[in-house]
Amino acid sequence: MQDIDTTKPIVVLTGAGISKESGLDTFRDADGIWSKVRIEDVATPEAFARDPDRVQAFYNARRQGLLGANVAPNPAHKALAKLEQHWPAGVLLVTQNIDDLHERAGSRFLIHMHGELLKARCSACGDITTCQGDLSRADRCIACGVSGQVRPHVVWFGEMPLEMERIEDALMACGLFISIGTSGNVYPAAGFVETVRQFGTGHSIELNLEPSLGASAFDDAKYGPASEVVTAYVDDLVAQL
Ligand code: BV8
């Protein structure tokens, strides 16, 4: 176990792989979401302008799936909440995921850089509200009263991810960068490890089912299901304190 500077904060990046054992599909595994529907048809602003009903239906189905009885945080989500409680210099959890499993597991210092499935946003006034039901073009914004402009509060391809400046500052200041359950396909998240290497001083490790596209950029790696690998790694980190 590499000695990690316990006086510096940790930055964690998660992707769809951490939620797989909770029953949520990933994107690029063989049975993943993008094997069933095209990004261009459901996850771009152009798709929403062209066919809003189809895009709303895609996110409505995922929202109801997330709220289903059999979807709950797994040991990997819980291990990250435990790390946040114990690490003296703090943990910033940056997730590409739009589910709320990190919150349900107890993580508090969290950035959803690609938005949140359980929130809606008005394109007319920017108002953000919680959303547990279905969205449709008939919805009217409660803040500005405009209808037909309420969309999922989700970052689509071609849109700027959220809180990038705060994330980059944290990457440069951290003593440890942990990337979990992400294939390294999607930027700018896939470039975070390079930010740490070039501008930071942190040790970087990938915890994944298999090597990601960016595997060679990491100082270290452990492969296996997140519920096992993340739990074991967090236990080792906390044992150093
Ligand atoms: C932007 C929300 C610019 C929607 C998503 C270079 C630089 C900058 C941009 C680009 C660039 N090159 C290309 C781009 C454009 C694009 C991009 O990256 N395209 C890719 C496809 C090439 N990026 C963008 O458009 C981004 N925006 O750059 O804006 C800009 C600048 C100025 C002004 C305006 C704009 C926005 C990207 C965000 C898109 N939204 N999600 C939704 O969820 O529906 S991305 C989507 O992919 C999800 O968020 C997902 O999380 C994310 C990444 O996927 P992963 O999480 O990695 O999931 P994946 O299935 O791929 O992998 C799962 C991994 O888990 C696998 O490795 C697997 O082995 C592992 N695993 C499986 N089971 C387990 C496991 N691991 C552990 N345990 C297990 N049990």
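Derivation of every value follows stated rules applied to the coordinates shown; laboratory data play no part. Small disclaimer: the values here were computed from a predicted structure and weren't measured. We place every Cβ from the backbone using ideal geometry, glycine too, and count neighbours over all the protein chains shown.
Numbers at a glance
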item	result
Count - residues of segment 106-117 that are buried (at least 16 other Cβ atoms within 10 Å of the Cβ) and either touching a helix residue (DSSP H, G or I) at 6+ places or on another chain (Cβ under 7 Å) or part of a loop (DSSP other than H, G, I, E, B) (or both)	6
Conditions (1) in contact (Cβ under 8 Å) with a residue 60 or more places away in the chain; (2) within 12 Å of the ligand (Cβ to nearest atom): number failed by W34	(1)
Selected residue [at negative phi, among the hydrophobic types (A, V, I, L, M, F, W, C), exposed (fewer than 14 other Cβ atoms within 10 Å of the Cβ) and more than 16 Å from the chain's Cα centre (by Cα)] from A47, A61	A61
Enumeration of residues in segment 212-233 that are within 10 Å of the ligand (Cβ to nearest atom), in a loop (DSSP other than H, G, I, E, B) and over 18 Å from the mean Cα position of the chain (by Cα)	G224
